[in-house]
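One structure is given below, encoded as C-alpha cells.
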Amino acid sequence: MNGKLTWKCTENCGACCKLSPEEREDAISVLSNKDQDLFISMVANDGWCKFYDKSRRKCSIYNERPSFCNVRNLVKLFNISKDDFDKFAIKCCKQHIKHIYGGRSMEMKRFIRGIGQNTCYNV
Ligand code: SF4
Ligand code: SF4
C-alpha cells in the first residue's frame, strides 16, 4: 500500500518542542529577526521550550503559540508547495522523534500508526 500519506501530529509527543538552537540552525535561519529573537527567548536551560509541560507532554500556550510552532506554516517558512507539505512534515517529525526518543521508540510507532503507515524506520 503506497498511497499518499497525510501528516498528523501525535498526542503526547512534543519532540519538536526541544528547541536546542545549536541543533535547529536550518529552522532558525528561515525565521524573521523578530521570530529568531522570540525562538531564542523560549529556550530553557535544558534546551526544551519553556512553555512545554513535560509532565503532560503538552504545550502550555497552545492557542497562543508562535506561528512558527504550527507545522502547517512550514509551507510558507520553507517555501514548499502545498502538495509537498505532508511528505516534508512527516520527514521533519520523524527526525525530531528519532532524535529525542529513538527510531524504534513507542513515540515513533505511534506517529507511524497515526499517519497510517504500515512500518517504516527509514527516518
Ligand atoms: S514532532 Fe511531530 S508528532 Fe511530535 S509533537 Fe511535534 S509535530 Fe507533533
Ligand atoms: S510554544 Fe508550545 S508548541 Fe511551541 S515549542 Fe513551545 S511548547 Fe512547543
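We did not get these values from a lab; they are worked out from the coordinates using the rules stated. This structure is a prediction, so every number in the text was calculated from the model and none was measured. In this analysis, Cβ positions are derived from the backbone assuming ideal geometry, glycine residues included, and neighbour counts consider all displayed protein chains.
Descriptive notes on the structure:
- Among the conditions (1) more than 20 Å from Gly114 (Cβ to Cβ); (2) surrounded by 15 or more Cβ atoms within 10 Å (Cβ to Cβ); (3) under 16 Å from the mean Cα position of the chain (by Cα), the only one that Cys93 does not satisfy is (1).
- Checking each residue in the stretch 1-43 for being more than 15 Å from ligand 1 (Cβ to nearest atom) and in contact with a strand residue (DSSP E or B) (Cβ under 8 Å, 6 or more places away or on another chain) picks out Pro21, Val43.
- Filter result for Asn73 (part of a loop (DSSP other than H, G, I, E, B) and over 11 Å from the mean Cα position of the chain (by Cα)): no
- Evaluated against (1) in contact with a helix residue (DSSP H, G or I) (Cβ under 6 Å, 6 or more places away or on another chain); (2) surrounded by 13 or more Cβ atoms within 10 Å (Cβ to Cβ), Ser67 falls short on exactly one condition, (2).
- Considering each residue of the stretch 76-85 in turn, none proves to be among the charged types (D, E, K, R) and touching a residue at least 24 places away in the same chain (Cβ under 8 Å).
- Any hit, the stretch 53-61, residues being over 28 Å from Leu5 (Cβ atoms) and among the aliphatic types (A, V, I, L, M): yes
- Test: residue in the stretch 33-50 that is more than 16 Å from ligand 2 (Cβ to nearest atom), assigned to a helix (DSSP H, G or I) and without any contact (Cβ under 8 Å) to a residue 12 or more places away in the chain: yes
- Leading residue by the ranking (nearest to ligand 2 (Cβ to nearest atom)) among those in the stretch 12-26 that are touching a residue at least 40 places away in the same chain (Cβ under 8 Å) and not basic (Lys, Arg): Cys17
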